[in-house]
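First the structure, in the form of structure tokens, and then the observations on it.
Computed from the coordinates by the stated procedures, all read-outs in this text should not be read as laboratory data. Owing to the predicted nature of the structure, the values given are computational and were not obtained by experimental measurement. Positions of Cβ are backbone-derived with ideal geometry, glycine not excepted, and every protein chain shown enters the neighbour counts.
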Amino acid sequence: MRYVLAVLLAAVCFGTTGTAQALGPEADPLSIGAARLVIGGGALAAIAAIQVVASRRRARAAVADARAATDAAAATDAPPASRSRRILPSWLLVALGAAGVVAYQPTFFAGTAANGVAIGTVVALGSAPVLTGALDWLTRRRYPGGRWLVATAIATAGVALLAFASGGGAGGRGATDPLGLAASLGAGLSYAVYTLAAKALIDRGWASNASMGALFGTAAAVALPILLLTDASWLATPAGLAMALWLGLVTTALAYVLFGAGLVGLAPATVSTLTLAEPLTAGLLGVLLLGEQLSAGAIAGLAVLAAGIVVLATGGRRAGAADDRSASDPVSDAPASVEPWTSSSSPASGSTPPPGRA
């Protein structure tokens, strides 16, 4: 259950993004997103570096005490021996995950610009759990389960009700833009890619913070020149700096520490569906802090969304137990002879309302 709670708390952090932006100064969304990644990704990378140093010190102490080689490997969180040849090296997983992090926001906003907030939000947030589950099934040969399927359908229906009640159709357009839909699907795919990449690194023996630090630290390096090319004068104001720090340290660094902790014990598809608590949080904060009024349709959407999350959360213990069994007992995952998302090599480390994720 602690894994479920960690993901839900991460979603609460994600859900504060829209409120923080509403209370902050006017600024270019691209500049805000880049600043958020630079601050949050840098913080995650620093956390990972601290853990690497601490892990190496423990390893040296173990060698100095003449412990057995297996004890020293356990002290550095080295993964168990692989039962099969793995395809993707760790550096490529980090690169793929970082690309997903960087790609998420521009594709999301391109989708909402083309088809309106309602359709863009539904397609992006609604497709993310489905695409995550599908890719997890393809790459790990693991079906997310009937409970996940039911919960995802309910939660996605709630997102649709909420978005259309507050966003109103396709932004006044007579028909949806196919390119806009493709962009929204790209946002959902980006989320699925970096979630699965992070999970794969964790399965290799990386600490969850090391996995998140590698992905978001790399994304921060890419985002820095983007920030420098935008008008970042808003950062020089007290309100702008406060907004950037909140978005970077709370909605990114803290959120993804919790997100990674949840990934340790839950399947990526389960985590993806649980993070749909993000628009639920955003809607409630809009009412409580921004004085927004919810229509009957929006209230119904929040209720349906909450019901879907409850359905999944009540089965979280079984999902976590299943993941723990597959991680600790390689034989139990027999169908796959080649696992592209995992590796036998030891890592270098020890190891708007929506969207607020990346």
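Length gain on complete extension for the stretch A296 to L179, per 0.36 nm per residue less the alpha carbon to alpha carbon distance?
Values: separation 117, 0.36 × 117 = 42.12 nm, distance 3.15 nm.
Full-extension gain reported as 39.0 nm.
Averaged over every viewing direction, what's the projected area of the C-alpha convex hull for the stretch 140-281? Give it in nm², one decimal, please. Walk me through the numbers on the way to the answer.
Details: hull surface 45.6 nm².
Computing the convex hull of the Cα atoms and averaging its projections yields 11.4 nm².
Sorted by mean Cβ packing within 10 Å, highest first, what order do the peptides 297-305, 35-43 take? It would help to have the intermediate numbers written out before the result.
Details: 297-305: 18.8, 35-43: 25.9.
Most protected by this proxy first, the peptides run 35-43, 297-305.
Once label points are set 7 Å from the Cα along Cα→Cβ at both V287 and L138, what is their separation, rounded to one decimal in nm?
3.9
Ranked from highest to lowest mean number of other Cβ atoms within 10 Å per residue, what is the order of the peptides 285-292, 4-11?
Working: 285-292: 13.8, 4-11: 22.9.
So the peptides 285-292, 4-11, ranked by packing, come out 4-11, 285-292.
What does a probe at A242 reach in the stretch 15-35, counting residues whose amide N is under 15 Å from the point 7 Å along Cα→Cβ?
19-26
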